[in-house]
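The values are calculated or read from the model by the stated rules, or taken from the named source; none is laboratory data. Nothing here was measured: the structure is a model prediction, and the numbers come from that model. Here Cβ is always computed from backbone atoms with ideal geometry, including for glycine, and neighbour counts include all displayed protein chains.
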């Protein structure tokens, strides 16, 4: 919770430039009233025909954004070794479900499993499950990960807890629809999407529509907050997957901190920030992840949660610098580029501090996870 400047009033994109999804959203608003930000994000990202994640192949230099696995193989390799260590912590089960949420082009998992193959017994134990809704990306994943016989589901809750489970989510939580609120004269108002007199989509404040008021902090004028309404249900599904046979989940994402700006909703298209309301379905929409809230929900369903750490600290503890030295020695001509890539991952002015690593696990008796502090509260009482 932080004091904020006045919110932006909305898009100045002419209505005539809007696409099919904008027209659909405009008609819905005129018929039933303003949309909450979660409703808008769901349509923009997941509409069956026009949604961004249903139709775009957004990752990479030719797309809209670049994620850590696309920057350096070191990222995925270190996460693969982290998964192996968690498998060892679970007793090296003969079968383990390895789940990736939002696998993109399969780059992260390919690097992770290549590194993990050094551990005897791990790859034969893996049942690889990919949570993906985009047919184009599914095809890329199938090609890149064919050797590991992946299978696909559309949601975490669709996975049956048949084995101990390891879950990986890089830049996954930041796309969960997020409700936004401001405190005005002692009452919470919700940020909504309306249609202006000129026909353009615009942000307004109105009476709360998203049923999360009991989760909002006590009123204090001049403040704002954000909540992901699907987060409690997500952690119920995650707990239902981890608790029957044990397991762990690792998430790396943009995170709120004490200097968080007002509302964090942003849109990115062709590697540039754009108006979130200008081109729904054609731009990626994300918000900063509140890992403190994630920790509360995870503990509330019986999972153990250490404090999050910066991506910089996490990767360096796991051996990012040592891995760079090995790669640079093997290919001296590539050393400058390899170093630049590593700096993008761990540099304080790059991704190193803005991204956080966060994990949860079950049972409580598992050894502390690699790369995280050991002194932290365990699960809440059932």
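Numerical summary
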{"item": "Odd one out for residue 12, checked against (1) in a loop (DSSP other than H, G, I, E, B); (2) at pLDDT 95 or above", "result": "(2)"}
{"item": "For residue 273: the one exception among (1) in a strand (DSSP E or B); (2) surrounded by fewer than 21 Cβ atoms within 10 Å (Cβ to Cβ); (3) in contact (Cβ under 8 Å) with a residue 60 or more places away in the chain", "result": "(3)"}
{"item": "Given (1) under 22 Å from the mean Cα position of the chain (by Cα); (2) surrounded by 21 or more Cβ atoms within 10 Å (Cβ to Cβ), number of the condition residue 203 does not satisfy", "result": "(1)"}
{"item": "Failed item in (1) at negative phi; (2) in contact with a helix residue (DSSP H, G or I) (Cβ under 9 Å, 6 or more places away or on another chain); (3) assigned to a loop (DSSP other than H, G, I, E, B); (4) in contact (Cβ under 8 Å) with a residue 40 or more places away in the chain, with residue 199 passing the rest", "result": "(1)"}
{"item": "Scope the range 134-160; condition assigned to a loop (DSSP other than H, G, I, E, B) and surrounded by fewer than 17 Cβ atoms within 10 Å (Cβ to Cβ); matching residues", "result": "149, 154, 155, 160"}
{"item": "Selection count where residues are modelled with pLDDT under 85, surrounded by 18 or more Cβ atoms within 10 Å (Cβ to Cβ) and not in a helix (DSSP H, G or I), scope the range 43-64", "result": "5"}
{"item": "Qualifying residue in the range 179-192 (condition: surrounded by 14 or more Cβ atoms within 10 Å (Cβ to Cβ), under 18 Å from the mean Cα position of the chain (by Cα) and part of a helix (DSSP H, G or I))", "result": "no"}
